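Working notes for the structure below.
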Amino acid sequence: MEDMSEAFVRALCAVHGYSIVKCNHDNDGLDIGIRCKDKPCEESIILSPEIEVQLKSSYSKITQQNDGSINYSLEVKNYKWLIEKKRMLPLILVVFHMPADEKDWIEQTSDWLKIKKCAYWISLKGREDTDNKESITINIPADHQLTKDSLKSIMIKISKQEEL
């Protein structure tokens, strides 16, 4: 299922010409890195900003809330990696919310390919540690849907050295 979240992110990166670096080993929760070429905007301070991404895919660990946000059950070990403040590059969690039935994951014709449902992103940097042993439920706001536009906004913020 993680391949679906990576395919989704790769499609968004392709729109902007961003490079993706695939990590061969899951070190500190890092699955892929995304790199922007040059400056994403005139006000950029950093050239070629980068972000690290932990990818998750699920249909069963996600609960849609009335306000449009989602609750996601995240393993504590992953949570602890994501809250760490002392990282060289920013790290975000991307959760791909997919249909339960595998036959509904993609649709395709000779004109288009549709990857079904959507992904959400969140930075957990600096959040409180937890005493939970197995998992922790995190809430991802509805306005944190990962789209081609929100991905560009994330890269612009990083290039301006702003917090996510």
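Are any residues in segment 147-164 surrounded by fewer than 17 Cβ atoms within 10 Å (Cβ to Cβ) and among the β-branched types (V, I, T), and if so, which ones?
Answer for segment 147-164, where residues must be surrounded by fewer than 17 Cβ atoms within 10 Å (Cβ to Cβ) and among the β-branched types (V, I, T): just T147.
Which residues, taken from segment 64-74, are part of a strand (DSSP E or B) and surrounded by 12 or more Cβ atoms within 10 Å (Cβ to Cβ)?
Looking only at segment 64-74, we keep the residues that are part of a strand (DSSP E or B), and these are 64, 70-74.
Within segment 64-74, I70, N71, Y72, S73, L74 qualify.
Between A100, A119, which is assigned to a loop (DSSP other than H, G, I, E, B) and either within 17 Å of S150 (Cβ to Cβ) or over 14 Å from the mean Cα position of the chain (by Cα) (or both)?
Values: A119 fails: assigned to a loop (DSSP other than H, G, I, E, B).
Checking each option against the conditions leaves just A100.
Output yes when any residue across segment 51-63 is without any contact (Cβ under 8 Å) to a residue 12 or more places away in the chain and either part of a helix (DSSP H, G or I) or under 22 Å from Q145 (Cβ atoms) (or both), and no when none is. Spell out how you get there, then give the answer.
So the first thing to find is which residues in segment 51-63 are without any contact (Cβ under 8 Å) to a residue 12 or more places away in the chain, and the list is 63.
Subset that is either part of a helix (DSSP H, G or I) or under 22 Å from Q145 (Cβ atoms) (or both): 63.
Yes, the conditions are met somewhere in segment 51-63.
Consider E42 carefully, then state whether it is acidic (D, E), surrounded by fewer than 19 Cβ atoms within 10 Å (Cβ to Cβ) and touching a residue at least 40 places away in the same chain (Cβ under 8 Å). Explain how you work it out, then say what you get.
Details: acidic (D, E): yes; surrounded by fewer than 19 Cβ atoms within 10 Å (Cβ to Cβ): yes; touching a residue at least 40 places away in the same chain (Cβ under 8 Å): no.
For E42, the condition - acidic (D, E), surrounded by fewer than 19 Cβ atoms within 10 Å (Cβ to Cβ) and touching a residue at least 40 places away in the same chain (Cβ under 8 Å) - is not met.
Just name the residue that is nearest to L12 (Cα to Cα) out of those in segment 154-164 that are part of a helix (DSSP H, G or I) and over 13 Å from the mean Cα position of the chain (by Cα). Break it down stepwise before answering.
Applying the first criterion (part of a helix (DSSP H, G or I)) to segment 154-164 yields 154-159.
Now narrow it down to the ones that are over 13 Å from the mean Cα position of the chain (by Cα): 156-159.
Working: I156: 15, K157: 17, I158: 17, S159: 18 Å.
Of everything passing the filter in segment 154-164, I156 is nearest to L12 (Cα to Cα).
Output the residues belonging to segment 2-33 that are surrounded by fewer than 18 Cβ atoms within 10 Å (Cβ to Cβ) and of a type in the set (V, I, T).
Across segment 2-33, the qualifying residues are V15, I20, V21.
Going through segment 1-49 one residue at a time, which ones are in a loop (DSSP other than H, G, I, E, B) and either of a type in the set (A, V, I, L, M) or under 13 Å from the mean Cα position of the chain (by Cα) (or both)? So that I can check it myself, show each step before the final result.
Residues of segment 1-49 that are in a loop (DSSP other than H, G, I, E, B), as a first pass: 1, 17-18, 28-29, 36-49.
Selection gives M1, G29, I45, I46, L47.
Read through the list (1) touching a helix residue (DSSP H, G or I) at 6+ places or on another chain (Cβ under 9 Å); (2) of a type in the set (K, R); (3) over 23 Å from K39 (Cα atoms), then give the number of the only condition that K114 fails.
All conditions are met except number (1).
Just for segment 122-153: of the residues that are in a loop (DSSP other than H, G, I, E, B) and closer than 13 Å to V94 by Cα, which one is nearest to the chain's Cα centre (by Cα)? So that I can check it myself, show each step before the final result.
Filtering segment 122-153 down to residues in a loop (DSSP other than H, G, I, E, B) leaves 123-134, 141, 147.
Going one step further and asking which of them are closer than 13 Å to V94 by Cα, we end up with 123-124, 141, 147.
On the way: S123: 9, L124: 11, P141: 13, T147: 10 Å.
Among those residues, the one meeting the criterion is S123.
Taken together, the values in this text are just the output of simple stated rules run on the coordinates, not laboratory data. In this text, all values refer to a predicted model and were calculated from it rather than measured experimentally. We place every Cβ from the backbone using ideal geometry, glycine too, and count neighbours over all the protein chains shown.
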